[in-house]
1. With every protein chain left in place, what is the accessible area per residue of the chain in square angstrom, probe 1.4 Å?
2. Which of [x] 22.6; [y] 21.8; [z] 20.4 is the computed Kirkwood radius over Cα pairs in Å for the structure on display?
3. Convert each backbone phi in segment 229-234 into a coupling constant with the Karplus relation 6.51 cos²θ - 1.76 cosθ + 1.60 (shift: θ = phi - 60°), then list the ³J(HN,Hα) values in order as whole Hz, x for Gly and Pro.
4. Over 23 Å between Cα atoms: which of 70/100; 229/266; 69/108; 69/100; 70/98; 70/229 fall into that group?
5. Using 1/(1 + (r/R0)^6) with R0 = 25 angstrom and r between the beta carbons of residue 30 and residue 296, what's the FRET efficiency to the nearest 0.05?
6. Go ahead and run the numbers for FRET between residue 92 and residue 56, Cβ-Cβ distance against an R0 of 25 Å, rounding to 0.05.
7. Take segment 61-105, compute every pairwise Cα distance, and split them into 10 Å bins from 0; I just need the percent in each bin.
8. Name the long-range amide H neighbours of residue 272: under 5 Å, sequence gap of 5 or more, or other chain; modelled H, no Pro or chain starts.
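The values are calculated or read from the model by the stated rules, or taken from the named source; none is laboratory data. All values derive from a computational prediction rather than experimental measurement. Here the Cβ positions follow ideal geometry from the backbone for every residue, glycine too, while neighbour counts run over all protein chains shown. Note: accessible area is taken over every heavy atom of the protein model, side chains too, but ligands, DNA and RNA are not part of it. Shrake-Rupley method; radii C 1.70, N 1.55, O 1.52, S 1.80 Å.
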Amino acid sequence: TQSTWGIRIMADSQHLVLPLADDLHCHLRQGAFMTQLAPFVREGGCGRVLVMPNLSPPVSTTDMAMQYKKELQAADPSVEYLMTLYLTPALTPEEIRKAKAAGVVGVKSYPRGVTTNSESGVESYEVYYPVFEAMQEEGLILNIHGEVPANHTTGGDVCVLNAEEKFLTHLEKLHNAFPHLRIVLEHVTTAAAVETVKRLGPTVAATVTAHHLELVVDDWAGRGHNFCKPVAKFPSDRSALREVVASGNPKFFLGSDSAPHPRKSKETHCAAAGVFTSPLLLPYLASLFDSIGCLDKLEDFTSRFGAQFYSLPRQTQTITLQRVPVTVPTSYLSHNAEGEDVVPFKANQVLDWSIAC
């Protein structure tokens, strides 16, 4: 069959020929860890990646973003790195204009304290309205981690299971205040978030991860390697995610939120939040899409809808997937200098699809 972009995506029932994927939400860390992780992006089938800025210190200026991009390009020049800034009170409209001129594509908002390196995150959005106005004018995208901070320890009712749903009124308020500002609600996990994004205007979209299409709350409770923020929710929420990607709704596209941590940070009394999917990202997705009967929607989800929303040219290089089982490795980077290996999603499990050599 032919894809909507004129690329042959199915040579036969055993192969898929797809454009390289756009992973529009990925964590590549920093320092030596980054150097080891960056090549996994292309290994997993992606040619372009939106890089998250929650380093320590956060990537909060254009100069920092350009330096980070230079380091990533040195680690693996075969990938196109789309850079973002971390939304902090120090960010100004002037810096937004500088960022646009340098090629930065987005600004990432983290609620304070909800995930890895989010201590510099947002407490209130109104103070950022001049920045959002500049972003709207310049065409930068606002990437939002859509949760409100938990308050159950002080008598409130917000916890990890309802933090996303409680955020949705803030998303709608932002959209109403800045209707021409493109907003991406990152890594959606709830049926409520899906319905809200569908209902709001064409400048609001959402990313969906491979692991949230697979997991429910039982899969991460007590299992540190499946624990991420936002957490996977109920089976009905997972069904809503699967249904919206199977429907081919262009407002929902790939953002892996691949977030590696050393094993010792995951197998501990308080596991770090993050699931590592980069090395096998397209095999994870092809296997899942095949299992729910929407393999024909995979290309749009991974390579078309996100590029359209971000106003990016389509990728012309292709990758071939084959219906040949592959066993997910027990870990990656087991022989690195620090001896800190990283356990991937579904370690030791068999995927139905693999990347052809």
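1. Using a 1.4 Å probe on heavy atoms only, each residue of the chain averages 39 Å².
2. So the calculated entry is the one marked [z].
3. 10, x, 6, 5, 10, 8
4. Violating the 23 Å limit, Cα to Cα: 70/229.
5. 0.05
6. That pair, residue 92 with residue 56, gives E of 0.65.
7. 28, 51, 18, 2
8. 266
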